[in-house]
Amino acid sequence: MRNITDEQLAAFLEGRLPEKGREEVMAAMDVDTLEVLGVSRRALRQGQLPSWKDADGADVFRVVHRPLAMAGFLGDPDADDGL
Amino acid sequence: MNSRLGRVIYMTDRETVESLLAGDRRVIHDFFCVRCRPALTYIGRYFCQYVESPEDLIGEFYEFLSADDWHKLRIFKYSCSLNSYVTIIASRYFQHKRDRGLLSLEENMAGAVNVPDCGRDVFFMDALQKAVKNMHPFDRFLLQRILIEGNKPGDVVEEAADIIRMDGTVRTDAADMKALAGYVYTRYNRARKSLRKSLEKAGYGG
């Protein structure tokens, strides 16, 4: 059976695989992979922070979130936010 | 884009990877100890019942990810976010570590439940559902909440205690919640192995 690569599985988790790729992942699915998907989905939620748009006006943003945002930890990391 | 305001830097995933590969100590620290910390802590606690401190987990994962001159990052093609990519790598790493530690639980303790051999035309999730249906209700509960939903075994202990009280068919000597947590962890792993065996028998995985 074909192994699913880490990147393929991460893209599957994000819903960024084309249909053919999704079918390949489902065809190679097993209990271990299912568990990895479940725990990874939960784990990613642990570190979720507000997006730039939501956080910019909040008082707490300046103190807590801004340093993290500046370090690239908020929102889409590849977006050009004009900094 | 990479703009600096004092020590603060905004970095894209590509820039982060390049800085990690270049051995930038500040980026390495921020990446592992700030950015990945919540996810790594969650994953570590999910897979390892007697978990080390978050620092130990982070240190161990750093060793793994940086091995072979950061091979895992060098082959990254940016088809997904770096966060998701690293999270999947960490989940697989700690899953493998747990399974190595559970070798003593192997074969004899995890008997396969019967699941019809449906052939390759039936999807994995259908086969999974059929296999789970044949299992004990308490095992079904554990597989649903931990395997499928991704909750940490420790997070379902109170719910498990309620079910055990109401069910009456689950036998455990656990005298307190700590012992029950151990029971839940062990029983979940046994149920998972049993499920895996059943699905392998039906032609999925293995």
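The values are calculated or read from the model by the stated rules, or taken from the named source; none is laboratory data. Predicted model only: the values in this text are computed from it and were never measured. Because the Cβ atoms are built from the backbone with ideal geometry, glycine has one as well, and the counts that use them run over all protein chains shown.
Tabulated data for the structure shown
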| item | result |
| --- | --- |
| B:ALA191 being under 22 Å from the mean Cα position of the chain (by Cα) and within 11 Å of chain A (Cβ to nearest Cβ) | yes |
| Sole residue being buried (at least 17 other Cβ atoms within 10 Å of the Cβ), in contact with a Lys or Arg (Cβ under 6 Å, 6 or more places away or on another chain) and at pLDDT 50 or above, chosen from A:ALA71, A:ALA10, A:ALA28 | A:ALA28 |
| Filter pass, B:ASP162 being outside the structural domain of B:TYR50 (by TED's automatic domain parsing) and either outside any helix (DSSP H, G or I) or under 18 Å from the mean Cα position of the chain (by Cα) (or both) | no |
| Counted residues, region A:18-44 - those being more than 8 Å from chain B (Cβ to nearest Cβ) and either outside any helix (DSSP H, G or I) or aromatic (Phe, Trp, Tyr) (or both) | 2 |
| Region B:124-159, subset touching a Lys or Arg at 6+ places or on another chain (Cβ under 8 Å) and not in a helix (DSSP H, G or I), residue surrounded by the most Cβ atoms within 10 Å (Cβ to Cβ) | B:GLY150 |
| Every residue from region B:165-186 that is of a type in the set (A, V, I, L, M, F, W, C) and not in a helix (DSSP H, G or I) | B:VAL170, B:ALA174, B:ALA175 |
| Verdict on B:VAL132 being of a type in the set (A, V, I, L, M) and at pLDDT 85 or above | yes |
| Which listed residue, of B:ARG45, B:ARG26, B:ARG74, is in contact (Cβ under 8 Å) with a residue 60 or more places away in the chain, touching a helix residue (DSSP H, G or I) at 6+ places or on another chain (Cβ under 9 Å) and not hydroxyl-bearing (Ser, Thr, Tyr) | B:ARG45 |
| Scan of region B:10-58 for residues that are away from chain A (no Cβ under 13 Å), modelled with pLDDT under 90 and assigned to a loop (DSSP other than H, G, I, E, B), ordered by number | B:GLN49, B:TYR50, B:VAL51, B:GLU52, B:SER53 |
